[in-house]
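Okay, so here's the structure we're looking at.
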Amino acid sequence: MEPREPLPPFLLAFPGPLRDRLVAAVLSGEKVSTSGLLAEYELEGEELPPVGERSALIDSEGREVAVLEMTEVRVLPLGEVGLQHALDEGEGYRSVAEWRAGHEAFWHGEEMREAMGDPSFTVDDGTMIVAERFRVVEVLGPGGASSG
């Protein structure tokens, strides 16, 4: 089998139980979108992923478990996130209010505040987020080998 080109990593949350749940939701097809902070991209000096880009979904152990393809990237204020995006995140949210409460808890958490370099970091309606939609192109087996 031909080795493939290395893909940029696609990271959900921080390693641990939350990442494990999110990765499982992607692999099951429940999770087809995610939200990040534009400020985080800016802080890390990262470009937004272009539509069509492929990346490697990384689990909590640092393994590549799937190849994802970006199908939509939108930058919008937190206060404008709609119900379909909240539902498509595959985390069981039934309303935008539930989605927002869950995301605010994460974004206001100690790990995120440390990553942002601001112990009092908070979000509000005007905070710009990156809403990404993706599809699973390939599920990978142990060691990044194709399982199909």
- Item | One residue from LEU18, LEU43, LEU37 being under 24 Å from ALA101 (Cα atoms), at pLDDT 95 or above and among the aliphatic types (A, V, I, L, M) | LEU37
- Query: What pairs can you find where one residue is in the range 38-54 and touching a residue at least 40 places away in the same chain (Cβ under 8 Å) and outside any loop (DSSP other than H, G, I, E, B), the other is open to solvent by 100 Å² or more (accessible area, probe 1.4 Å) and charged (D, E, K, R), and their Cβ atoms are less than 8 Å apart, with a gap of 6+ or different chains?
  - Reply: TYR41/GLU47
- Task: Inspect all residues belonging to the range 14-21 and state whether any of them is part of a helix (DSSP H, G or I) and open to solvent by less than 20 Å² (accessible area, probe 1.4 Å).
- Result: yes
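The values are calculated or read from the model by the stated rules, or taken from the named source; none is laboratory data. Values in this document were obtained by computation on a predicted structure and should not be read as measured data. Every residue, glycine among them, receives a Cβ derived from its backbone with ideal geometry; neighbour counts consider all protein chains shown. Surface accessibility is based on the protein's heavy atoms, side chains included, excluding ligands, DNA and RNA. Shrake-Rupley method; radii C 1.70, N 1.55, O 1.52, S 1.80 Å.
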